[in-house]
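The values are calculated or read from the model by the stated rules, or taken from the named source; none is laboratory data. This structure is a prediction, so every number in the text was calculated from the model and none was measured. Here the Cβ is made from the backbone with ideal geometry for all residues, glycine too, and neighbour counts use every protein chain on show. Heads up: the accessible areas ignore ligands, DNA and RNA and are worked out on the full protein's heavy atoms, side chains in. Shrake-Rupley method; radii C 1.70, N 1.55, O 1.52, S 1.80 Å.
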Amino acid sequence: MRAERLTEFGSLFSLAGRTALITGASGGIGAAAARVLAAAGARVILVARSLDRLEDAAATLRATGTDALALRADLGADDGISALVAALAAAGEAPDILVNNAGMIDRASFAEVAPSRWEQVLGLNLTAPMFLSQALAPAMRARGWGRIVNVGSILALQGKKNAHSYTASKHAVAGLTRSMAAELGQHGICVNALCPGYIRTEINTVLQQDPEYGAMIAARVPLGRWGETGDLAGPLLFLCSPAASYLNGHMLVVDGGMTAVH
Ligand SMILES: NC(=O)c1ccc[n+]([C@@H]2O[C@H](COP(=O)([O-])OP(=O)(O)OC[C@H]3O[C@@H](n4cnc5c(N)ncnc54)[C@H](OP(=O)(O)O)[C@@H]3O)[C@@H](O)[C@H]2O)c1
């Protein structure tokens, strides 16, 4: 049965009948993730703080025939996750796929790292994926099928100055991905991380405006350019799809080759 399914190309990447929740879906990588998962047939639940942007994205998806729901949540707030979980329960939603994408960076030098900002970055980038996954995994477990994708970074694998809390949080996301894979795999839930390189979004506007940074990207990325959110669509869909049925605890690096070369 399973072997048959895996030889049918169409069903390898179909998410028909699945519901995917994407955090940080009001823009950037999360909005692009919602578009590709919807294109593969999933119902999508878009989560972030900016309800207007979420509603716009959901309306665009609905216009193409996708069932899309926008839910406001501040995943960095103390009660942010419990409020989101309550809203999901009230709406009768129990996603099959969770993309833990919402994230932030603090570009402080080592001497300037402030405890409050440290807590904020760790809270959103690491604590939120942990406890949102903990809340949503039981329904996936009950169905014997689930996909959790934690959005890491090449800074889950390498260090970088002026990004201490971010780098620490993303390394921890790599560890969390592997520990979740170890425990949830037995229930049919695959947990993997998508680790993007430099993708042009709002999180790095300041770097995009710096010609020296552009030159560094051109020199160090073998593909010679910034990544675009569309470059992540295929890899993200793969991690969420039936095609990834035996992929668990994997760090999928999508960086134009940057970390593959010296
Ligand atoms: N772009 C890159 O080069 C790159 C590289 C590696 C990894 N990443 C990772 O990719 C993920 C997405 O980043 P991006 O590049 O798409 O950045 P982005 O354009 O700044 O998007 C960040 C998203 O997170 C949401 N968000 C921020 N704070 C939140 C909060 N407290 N509660 C709920 N949602 C919140 C934002 O929406 P609201 O403001 O509406 O809440 C937005 O939708 C992050 O985890 C980032 O670390 C990005």
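Of note:
- Carbon plus sulfur fraction of accessible area for region 116-175, probe 1.4 Å, in percent: 57
- Extended-chain gain in nm, criterion 0.36 nm per residue less alpha-carbon gap, K160 and A86: 22.9 nm
- Expressed as a whole percent, the proportion of Cα-Cα pairs in region 2-253 lying more than 24 Å apart is 45%.
- Computed from Cα positions, the angle between helix 28-39 and the longest principal axis of the chain comes to roughly 20 degrees.
- GNM on the chain, alpha-carbon springs under 10 angstrom: the most fluctuating residue among L88, L15, L98 is L88.
- With Cα atoms, 0 to 90° folded angle of helix 128-143 axis to the chain main axis: 20
- Solvent exposure of region 2-253 as accessible area per residue, Å², 1.4 Å probe: 46
- The relative contact order of region 2-253 comes to 20 percent, based on Cα pairs under 8 Å that sit 6 or more residues apart.
- Put a plus charge on the Cβ of each Lys and Arg, a minus charge on the Cβ of each Asp and Glu, and nothing anywhere else: the dipole of the chain about its Cα centre is then about 460 debye.
- Heavy atoms of E119 accessible to a 1.4 Å probe, total area in Å² rounded to 10: 120
- Rounded to the nearest 10 degrees, the inclination of helix 211-220 to the longest alpha-carbon principal axis of the chain is 70 degrees.
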